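The structure appears below as structure tokens.
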Amino acid sequence: MSAADPEANLEKAISGNIDAIRKRIAKAAVAARRDPADIRLIAVSKAQPADRIHAALAAGQRLFGENRVQEAQARWPDLRAAYPDLDIHLIGPLQTNKVKEAVELFDAIQTLDRPKLAQALATEMEKTGRHLPCYVQVNTGEEEQKAGVLPEQADGFIAECRTLGLEIVGLMCIPPAEEEPGVHFALLREIARRNGIERLSMGMSADYEIAIPFGATEVRVGTAIFGDRGDWRQLVGR
């Protein structure tokens, strides 16, 4: 691959990564007797430089996940003019003082995890008339340092959110790095089943193929698409 046109090389590398991931998603789905079209790839764009985001957009990727409201504010409003079919999800913690900006900017909130935040979102959505689909984040590993409602509290919290008028379309989890992820994916699936929830955002670069047999409908992939933050040449082995 020539180094004469770094932009073209970057686009080719990221397009190739996206294509390879989609093929692996399809293979895992078929093996699980699922329709690959039911599984959406979220490109995790947090802290990625603009050229990598543009390369993903050029490859046809339109669904992205952002961790921080402020970073998303700096990136996506201008891009929406050029790409009106963008679908941007918040997949990082949301503070109540950023709810107004989040409701204005995002197309879905995947990290709803506490009553105070639920109330703030419900109030802002009622005020603006912009009712975003929400996912409840479940702390399946019950890790103190990690956000998310505890599994034994999930049913009650989901009911509370629905009472507030929030549209709870899915659940999200981030399993502990050192544990078998399938156990956590199975737990999330069971919570979803008994609450009549169809969407499951679970599985990242290292374990999205494991998540698919457990019913993942969104997988959140960053490193496998964009590489680690740094010189793009790492994506093409240079």
Anchor Lys23: aspartates and glutamates whose Cα lies under 14 Å away (excluding residues fewer than 8 positions away in-chain): Asp35, Asp38, Glu209
Computed E for Gln95/Ala159 - FRET, C-beta separation, R0 25 angstrom, nearest 0.05: 0.55
Residue pairs, from the table Lys116/Lys146; Lys27/Lys146; Lys46/Lys146, whose Cα atoms sit over 20 Å apart: Lys27/Lys146
Equivalent ellipsoid, the chain (semi-axes from 5 times Cα gyration tensor eigenvalues, Å): 30, 22, 15
CD proxy at 222 nm, helix term only [per DSSP H run n ≥ 4: -39500 (n - 2.57); per residue of the chain; nearest 500]: -13500 deg cm²/dmol
Relative contact order [Cα under 8 Å, 6+ residues apart], the range 64-110, whole percent: 47 percent
Heavy-atom accessible area ranking, 1.4 Å probe, most first, across Glu160, Glu104: Glu104, Glu160
Residue-normalised accessible area of the chain, expressed per residue, 1.4 Å probe, Å²: 48 Å²
Sites Arg24 and Glu71, calculated FRET efficiency, Cβ-Cβ separation with R0 22 Å, nearest 0.05: 0.20
Sequence ranges 147-154, 105-112, ranked by mean other-Cβ count within 10 angstrom, highest first: 105-112, 147-154
Accessible carbon and sulfur surface of the chain relative to its total accessible area, %, 1.4 Å: 49 percent
Calculated FRET efficiency for the pair Ala58/Glu179, C-beta based, R₀ 35 Å, to 0.05: 0.40
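The values are calculated or read from the model by the stated rules, or taken from the named source; none is laboratory data. Source: prediction; values computed, not measured. Because the Cβ atoms are built from the backbone with ideal geometry, glycine has one as well, and the counts that use them run over all protein chains shown. We work out accessible area using only protein heavy atoms, side chains counted, and drop any ligands, DNA or RNA first. Shrake-Rupley method; radii C 1.70, N 1.55, O 1.52, S 1.80 Å.
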